Amino acid sequence: MSRCDECGKQENMPYQCRHCGGTFCAEHRLPENHGCPGLDNWSDPGGVFDSGFDDSVDDDAGGGIRDRLGIDTGPGGPLGYFRGNMTYVFLGAMWITFLLQHVVLLGISQDLHQALFVLRPSHPEYVWTWFTSIFAHAPGSLAHIGINSIVIYFFGRIVEDYVGSRDFTLLFLGSGALAGLGQVGFQILQNGGIPAFAPGVLGASGAALAVMGVLTVLNPNLRVYLYFILPVPLWLLTVGYTGWTVFQILSVGIGAGGTAQLAHLLGLGIGLLYGQHVKGRRRVPNQLQFGAGGRGPGGPGGPGGRGPF
């Protein structure tokens, strides 16, 4: 059972508005019946509801980045799939990178794996690792990549719908890179210079926690099923995780438990700040719904549909 955001009616088979993310009964499912903020954008000169992936959609003069580069991100275009689907793109990139890590480790060498995928205090000048380390995860640890995948899958879809695919992409990559750089930067300061041997950083936890931080600001009372069983408000989950992370850092250090604790805290902080920046643009759903009817992989330019989260 879900509650209609417009009238409060309990609905067994709710409708999810793909433009504002709200949950509605049959009477209020149409955008015009629930005052959808997206109605203001239906005058789009390109005939497309803007997902936020490309600024040029609302540019009447046609002078946006898309036009200057000759890139078609509209429906049917070569990049149309990515509109509204960057959450899935990042998830796919994570698992592909995870497989590549094992190929390199088993077929070539650990040194090459470190150089390609791990952001290390000893080599912060390897700029590519600022980003490859976001998608790489601890080899052989399904729990590491699995937990990050769950957080990104459920929270990422809501945040991407809210801020648009372009801004979501910048948030994900920017927060992941800054969180990792913050961790290794502090390690360098602790050692009074670049250490010869120090643990590196890899994993999408910083980016995933940034996404969670944004959603915490947008809807702190969003019900989340902890371990898929215990319903808790998102704000409580965020406060609890923050408290535990701070305790770990103060009592053991930024690498407590073999985890980049400072990177996690930085990612969450970036998300909370960005959430305050974008708060109030439009409404967000008041609960996560699991099971059938989830959004398909298509989006505006792809083959899938959009249903309840």
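The values are calculated or read from the model by the stated rules, or taken from the named source; none is laboratory data. On a predicted model such as this, the values are computed, not experimentally measured, just so you know. Here Cβ is always computed from backbone atoms with ideal geometry, including for glycine, and neighbour counts include all displayed protein chains.
Observations on the structure shown:
- Note on the range 260-275: residues that are surrounded by fewer than 18 Cβ atoms within 10 Å (Cβ to Cβ) and modelled with pLDDT under 90 amount to 0.
- When the range 188-209 is filtered for residues that are surrounded by 24 or more Cβ atoms within 10 Å (Cβ to Cβ) and not hydrophobic (A, V, I, L, M, F, W, C), the ones remaining, listed by number, are G203, S205, G206.
- In this entry, L142 is excluded by the filter for residues that are farther than 22 Å from I249 by Cα, of a type in the set (A, V, I, L, M, F, W, C) and at pLDDT 90 or above.
- Looking across I150, I158, one residue alone is within 11 Å of the chain's Cα centre (by Cα) and surrounded by fewer than 18 Cβ atoms within 10 Å (Cβ to Cβ). It is I150.
- Candidate set: the range 106-126, residues that are assigned to a helix (DSSP H, G or I) and among the hydrophobic types (A, V, I, L, M, F, W, C); chosen: the one nearest to G140 (Cα to Cα): L106
- Hits in the range 119-137 (condition: surrounded by fewer than 24 Cβ atoms within 10 Å (Cβ to Cβ), of a type in the set (V, I, T) and in contact (Cβ under 8 Å) with a residue 24 or more places away in the chain): T132
- Test: residue in the range 231-244 that is within 17 Å of the chain's Cα centre (by Cα), of a type outside the set (S, T, N, Q), assigned to a helix (DSSP H, G or I) and within 16 Å of L178 (Cβ to Cβ): no
- Single condition G203 does not satisfy, out of (1) within 14 Å of the chain's Cα centre (by Cα); (2) touching a residue at least 12 places away in the same chain (Cβ under 8 Å); (3) assigned to a helix (DSSP H, G or I): (3)
- Yes/no for T169 being of a type in the set (V, I, T), more than 26 Å from P233 (Cβ to Cβ) and either assigned to a helix (DSSP H, G or I) or touching a Lys or Arg at 6+ places or on another chain (Cβ under 8 Å) (or both): yes
- If you check S175, S149 for being part of a helix (DSSP H, G or I) and out of contact with any Gly (no Cβ under 6 Å at 6 or more places or on another chain), only one passes: S149.
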